[in-house]
Amino acid sequence: MTQTQRIEKSRMKPSSPTQWHYKVLPNREDIEELTANLNTSRITSTLLWQRGIRTFEEARVFFTPTKQHLLNPWLMKGMAEAVERVQKALQQQENIIILGDYDVDGTTATAVAYGVLKDLGARVTAYQPERLTEGYGITRRAIQEAYQKEVKLIISVDCGISAALMVDEAKALGMDFIVVDHHLPNPATTPQAAIILNPKQDTCFYPYKDLSGCGLAFKFMQAICEQLGADEFLLDERLDLVALSIAADIVPLTGENRVLCALGLEKLAQRPNLGIKALMRSAGQGKTIAVNDLVFKLSPLINAPGRMGSAKEALALLMAKSSEEAEKIAMRLFKVNQDRKNAEREVCEAAFKQALNYANCSALVLCDPNWHRGVLGIVASRCVDKFRKPTIVLGGDEGILVGSGRTLPNLPLYDALADCSEYLNGFGGHAYAAGVQLQQDKLEDFRTAFTKKIESREFLEDLLRPKLIIDLAIDSEELKPKTINVINRMGPFGPDLMRPVLSCAINKALDVAVFKGQHLWVKVKLADTVFEAIGFGMADLAGVVSQGMFEMAFSISERLNTQLDLKGIRPCAP
């Protein structure tokens, strides 16, 4: 019996708390043909096929994305009209203001739009609302400030698609509006008095729908630069900001996002934005940087000022003109981020305790008016990780509750909120993350309705259980160094293009140990290579490894080709 056959047999054993799911394999003939065409291994061909790569030409584009693979920005609905309006503002030297969200995506989008227009000679300023005093999106304070500055054109980035009332107010004051927003439009609140750039509009036929807010702002600037015959350097210099936004906003790393991210990572390695460079140095990050580094090391630092009050410091960092200026701002961001961590820890402890009151519920709606509003989204994510339930975390004052929600795969949050909208003042976001606002006296009705909506889903118990998705079961002799190198070249990795997860039956580990009381270390030999496999939080599985044959699911470490990141371990049938 081969190792792969043993894995098949082990699948018939009673299920573990974590569900192991193997992706459907392509036809053998298709894989053999692709293997021959690419002169590669069965593993590589199967992984590529699963990711939609079926020909030599598609593989060439996949492995070597270039600027030539970016889509034509003029295909987007509203683009010609938006570029024409900006061109008029440039010619007539009208005052322009960029209104951006206060998270990483909004801050990078603001930096890109402001920076390019400034370099083109525009009379432009930037504005970001304060989370704690103004809230999300286009605010009345922003409109009034624009009016006082005699602005003629407002451009919102990463926000505005639900701001019909505010856009109408701006128009009444004599200001034109361009909305550049990637969030899902709601026909009831979509501005009618604005030029809109949003590929998610039903009537927009732009081929790629999942751009980040900054990516969308970049496409707008790309069209403007093409129209004016501007130097491509204006765009190239901001590609690293786009990559940062793609990583931070957890958008799919497919299609044009993947091209933009790859180009941005290349820019980061060669000549990073001065602000990002200062953060990288302060965080001990070397020149080699991956999407995970952007998500877990840099994004929290850039998000911190917006979470704790004002995002102005983060924007100033990304637009710094000297290394000295960038270093000073970076140090201040580290201090703010520490304050954010302290607030997050405090709210997390209270939220976890409150969640125990709803142990029998399939969803959580947690609330305390005194909780710091800047960390509610992070706390919601922590609750989802800990309790495996869709979670809304709320804070607020004066009878108005505001908060953020997070959810699990296959349990869309936006749809659930839409079905409970009668209890909400407003909501927005996407399938897995959303913001909400409601009256405090509607809290219990909303909690009941939201929980019932989640509980109405078929197969809910299975949906709430942790899932481990495995691309391919392999024999230990198949994992050659050349195959590993090709797998690592499949990046950048992220949502919808995750680092491949393989599984393999192991006859016996060379060594096994537990470190720091909770993490598992295993030494195994695959083909001719000895690997160290690390399983964080998997110390309780050391006994399974020690007993003999076992199946392990793993990814190749992005740091070291001879290190494996363990995803799961279970007994394997002899």
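Only one of R141, R131 is assigned to a loop (DSSP other than H, G, I, E, B), of a type in the set (K, R) and within 16 Å of D101 (Cβ to Cβ). Can you tell me which? Lay out the reasoning, then the answer.
Numbers: R141 fails: assigned to a loop (DSSP other than H, G, I, E, B).
The match here is R131.
Could you please let me know if E94 is of a type outside the set (G, A, S), more than 30 Å from G429 (Cα to Cα) and modelled with pLDDT of 95 or more?
On the way: of a type outside the set (G, A, S): yes; more than 30 Å from G429 (Cα to Cα): yes; modelled with pLDDT of 95 or more: yes.
Criteria met by E94.
If you scan region 42-77, which residues turn out to be farther than 23 Å from E232 by Cβ, outside any helix (DSSP H, G or I) and either assigned by TED's automatic domain parsing to the domain that holds V180 or modelled with pLDDT of 95 or more (or both)?
Answer for region 42-77, where residues must be farther than 23 Å from E232 by Cβ, outside any helix (DSSP H, G or I) and either assigned by TED's automatic domain parsing to the domain that holds V180 or modelled with pLDDT of 95 or more (or both): just K77.
Can you tell me how many residues in region 365-417 are aromatic (F, W, Y) and assigned to a loop (DSSP other than H, G, I, E, B)? Outline the logic, then answer.
So the first thing to find is which residues in region 365-417 are aromatic (F, W, Y), and the list is 371, 387, 414.
Of the ones still in play, those that are also assigned to a loop (DSSP other than H, G, I, E, B) are 371.
Total meeting the criteria: 1.
Which one is farthest from V83 (Cα to Cα), of the residues in region 212-243 that are in contact with a strand residue (DSSP E or B) (Cβ under 8 Å, 6 or more places away or on another chain) and among the aliphatic types (A, V, I, L, M)?
L216
Please give the number of the condition G137 fails out of (1) modelled with pLDDT of 95 or more; (2) crowded, with 17+ Cβ neighbours inside 10 Å; (3) among the small types (G, A, S).
Status for G137: all satisfied but (1).
Of all residues in region 434-466 being of a type in the set (K, R) and in contact with a helix residue (DSSP H, G or I) (Cβ under 7 Å, 6 or more places away or on another chain), which is modelled with the highest pLDDT? Explain how you work it out, then say what you get.
If we filter region 434-466 for residues that are of a type in the set (K, R), which is where we start, we get 442, 447, 452-453, 457, 465.
Going one step further and asking which of them are in contact with a helix residue (DSSP H, G or I) (Cβ under 7 Å, 6 or more places away or on another chain), we end up with 442, 453, 457.
Values: K442: 95, K453: 92, R457: 84.
Looking at the filtered set, the residue picked out is K442.
When you look at R340, is it at pLDDT below 95, not assigned by TED's automatic domain parsing to the domain that holds L408 and not acidic (D, E), yes or no?
Values: at pLDDT below 95: yes; not assigned by TED's automatic domain parsing to the domain that holds L408: yes; not acidic (D, E): yes.
Taking the combined requirement at face value, the residue satisfies it.
The values are calculated or read from the model by the stated rules, or taken from the named source; none is laboratory data. Being a predicted model, the structure only gives us computed values, none of them experimental. Note that each Cβ is placed from the backbone with ideal geometry, even for glycine, and that neighbours are counted across all protein chains shown.
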